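The values are calculated or read from the model by the stated rules, or taken from the named source; none is laboratory data. Please read all numbers here as calculations on a predicted model, not as lab measurements. No Cβ is skipped: glycine too gets one built from the backbone with ideal geometry, and neighbour counts run over all protein chains shown. In case anyone asks, the SASA skips ligands and DNA or RNA and just uses the protein heavy atoms, side chains included. Shrake-Rupley method; radii C 1.70, N 1.55, O 1.52, S 1.80 Å.
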Amino acid sequence: MDNLLDFSEKVALITGAASGFGKSLAEELAKRGANLVLADFNEEGLTLTKQDCETLGSKVIALTGDIAEEAHSEELVKAAVDNFGKLDIAVNNAGIAPKLGPLVHLDGPTLSRQLDVNTKGVAFGLKHQLRVMAAQKEGAILNVSSMAGLGGTPMGSSYGAAKHAVIGLTKTAAVECGPINVRVNAICPFFTSTPMVDNPTMNPNDNIEEVNKNLARGCPMKRIARVEEIVNVMVMILSPANSYMNGIAIPVDGGMSAM
Ligand code: NAI
């Protein structure tokens with residue numbers, strides 16, 4: 001296999017692997033030879049991803065838990081080391097969208113949960129992943145931020161705050177850990193057709209195609225992204241051949257950030 005796409009013998013930890021980006025990335029890395037530690041609090045979805053990845057030839061450990069709890073991040077890293085002897089790659093991807101509304105109506109529980117899951121989940125993930133990678137003197141971490149981490153997020157202030165913090169953590173980790181050969185980057189996707197965006201329980205009366213058309217209106221490419229368009233970039237960022245990219249927050253946004 002071309003070394004840009006060869007993940008044989010690599011051990012990758014992915015949070016939020018039951019659905020959307022996390023599920024698709026797990027399958028892409030499994031196809032390319034990686035063994036996996038997969039996490040999510042959706043046990044049913046996680047089991048399906050595990051089965052798919054095993055069918056593709058990967059050895060998989062799957063653990064359920066709430067990524068907002070530090071102990072869960074620690075448990076995931078320990079599972080990688082106990083089962084596979086190392087951790088080469090970590091993708092801090094699990095995340096939630098808030099109920100949308102103007103900043104003047106922001107409530108404490110919404111803000112707290114956003115920061116607990118979308119920011120602390122990444123911060124504690126980094127803490128425990130970096131400890132193992134520091135000892136190995138090697139590793140690559142990808143944090144999933146958002147376009148909301150790069151600019152204002154009208155009607156989604158708590159999400160925007162949490163995703164900006166992910167970029168701050170990414171840059172700090174990259175600078176602290178560059179000297180020990182651990183790369184830490186973030187990806188900032190525009191709206192993408194995953195269950196988070198298409199979920200009919202979030203917008204039970206909406207026509208999803210219409211909603212997605214509206215989301216895409218301001219985007220130069222006039223459409224939201226397909227999952228594989230984001231996941232392909234994730235694979236490139238994590239590629240063992242991509243060994244000098246460190247500390248950046250990469251927009252994958254159909255040209256939004258060029259406007
Ligand atoms: P998704 O909803 O399909 O997947 C997210 C996964 O994270 C789900 O399986 C969910 O069960 C899991 N999860 C959520 N909270 C958790 C917790 N506390 N503990 C453990 N697992 C938890 O959504 P999607 O779109 O794949 O989202 C993945 C990441 O991408 C998130 O961080 C999201 O904020 C980010 N993102 C998504 C965009 C989109 O338009 N879909 C755009 C930009 C960023």
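In the set Ser158, Ser112, Ser193, which member is of a type in the set (Ser, Thr, Tyr) and farther than 23 Å from Gly20 by Cα? Step through it out loud before you land on a result.
Working: Ser158 fails: farther than 23 Å from Gly20 by Cα; Ser193 fails: farther than 23 Å from Gly20 by Cα.
Among Ser158, Ser112, Ser193, only Ser112 is of a type in the set (Ser, Thr, Tyr) and farther than 23 Å from Gly20 by Cα.
Got a number for residues in segment 80-97 being within 16 Å of Met196 (Cβ to Cβ) and more than 16 Å from the ligand (Cβ to nearest atom)?
The total comes to 0.
Could you figure out which of (1) closer than 21 Å to Ile167 by Cβ; (2) free of Cβ contacts under 8 Å to residues at least 60 places away in the same chain; (3) open to solvent by 90 Å² or more (accessible area, probe 1.4 Å) isn't true of Asn205?
With (1) closer than 21 Å to Ile167 by Cβ; (2) free of Cβ contacts under 8 Å to residues at least 60 places away in the same chain; (3) open to solvent by 90 Å² or more (accessible area, probe 1.4 Å) applied to Asn205, the lone miss is (1).
Need at least 3 residues that are within 14 Å of the ligand (Cβ to nearest atom) and closer than 30 Å to Arg131 by Cβ per element, so show me which helices (runs of 4 or more DSSP H) inside segment 184-247 make the cut, counting only ones lying wholly within it. Can you show your working first?
Details: elements: 195-198, 208-216, 227-238.
In segment 184-247, 227-238 are the helices (runs of 4 or more DSSP H) which contain 3 or more residues that are within 14 Å of the ligand (Cβ to nearest atom) and closer than 30 Å to Arg131 by Cβ.
Could you list, in sequence order, all residues of segment 137-183 that are out of contact with any Gly (no Cβ under 7 Å at 6 or more places or on another chain), open to solvent by 50 Å² or more (accessible area, probe 1.4 Å) and in a loop (DSSP other than H, G, I, E, B)?
Selection gives Lys137, Glu138, Leu150, Pro154, Asn181.
Could you tell me whether segment 35-49 includes any residue that is crowded, with 16+ Cβ neighbours inside 10 Å, among the charged types (D, E, K, R), more than 13 Å from the ligand (Cβ to nearest atom) and modelled with pLDDT of 95 or more?
No, segment 35-49 has no match at all.
Testing Glu210 on (1) touching a strand residue (DSSP E or B) at 6+ places or on another chain (Cβ under 7 Å); (2) more than 23 Å from Phe124 (Cβ to Cβ); (3) not polar (S, T, N, Q), one condition comes back false. Which one is that?
Here Glu210 meets the rest and fails (1).
Rundown of residues vs (1) at pLDDT 95 or above; (2) over 24 Å from Ser24 (Cβ atoms); (3) out of contact with any Asp or Glu (no Cβ under 7 Å at 6 or more places or on another chain), yes/no style:
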{"residue": "Glu70", "(1), (2), (3)": "yes, yes, yes"}
{"residue": "Ser73", "(1), (2), (3)": "yes, no, yes"}
{"residue": "Leu76", "(1), (2), (3)": "yes, no, yes"}
{"residue": "Asp82", "(1), (2), (3)": "yes, yes, yes"}
{"residue": "Pro98", "(1), (2), (3)": "no, no, yes"}
{"residue": "Leu106", "(1), (2), (3)": "yes, yes, yes"}
{"residue": "Val122", "(1), (2), (3)": "yes, no, yes"}
{"residue": "Leu130", "(1), (2), (3)": "yes, yes, yes"}
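The rows are residues; the columns are (1) open to solvent by 30 Å² or more (accessible area, probe 1.4 Å); (2) of a type in the set (Val, Ile, Thr).
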residue	(1), (2)
Asn185	no, no
Thr192	no, yes
Asn214	yes, no
Glu228	yes, no
Met245	yes, no
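If Leu13 satisfies all but one of (1) more than 10 Å from the ligand (Cβ to nearest atom); (2) touching a His at 6+ places or on another chain (Cβ under 6 Å), what's the number of the condition it fails?
The failed condition is (2).
Starting from residues that are over 19 Å from Gly65 (Cβ atoms) and open to solvent by 20 Å² or more (accessible area, probe 1.4 Å), keep the ones in segment 22-34 and report whichever is nearest to the ligand (Cβ to nearest atom).
Among them, the one singled out is Ser24.
Pairs, please: C-beta under 8 Å, at least 6 apart or cross-chain, first residue on the phi < 0 side of the Ramachandran plot and in segment 214-242, second open to solvent by 20 Å² or more (accessible area, probe 1.4 Å) and hydroxyl-bearing (Ser, Thr, Tyr)?
Ile224/Ser193; Ala225/Ser193; Arg226/Ser193; Val227/Ser24; Val227/Ser193; Glu228/Ser24; Val231/Ser24
With Asp52, Asp2, Asp88 as the choices, which residue is in the same structural domain as Ala134 (by TED's automatic domain parsing) and either open to solvent by less than 10 Å² (accessible area, probe 1.4 Å) or without any contact (Cβ under 8 Å) to a residue 40 or more places away in the chain (or both)?
On the way: Asp2 fails: in the same structural domain as Ala134 (by TED's automatic domain parsing); Asp88 fails: either open to solvent by less than 10 Å² (accessible area, probe 1.4 Å) or without any contact (Cβ under 8 Å) to a residue 40 or more places away in the chain (or both).
Answer to the check: Asp52.
Out of the residues in segment 55-66 meeting the condition of being out of contact with any strand residue (DSSP E or B) (no Cβ under 8 Å at 6 or more places or on another chain) and in contact (Cβ under 8 Å) with a residue 12 or more places away in the chain, tell me which one is surrounded by the fewest Cβ atoms within 10 Å (Cβ to Cβ). Walk me through it before giving the result.
Initial filter on segment 55-66 (out of contact with any strand residue (DSSP E or B) (no Cβ under 8 Å at 6 or more places or on another chain)): 55-57, 66.
Restricting the remaining residues to those that are in contact (Cβ under 8 Å) with a residue 12 or more places away in the chain gives 56-57, 66.
Working: Leu56: 18, Gly57: 12, Asp66: 14.
Taking the candidates together, the pick is Gly57.
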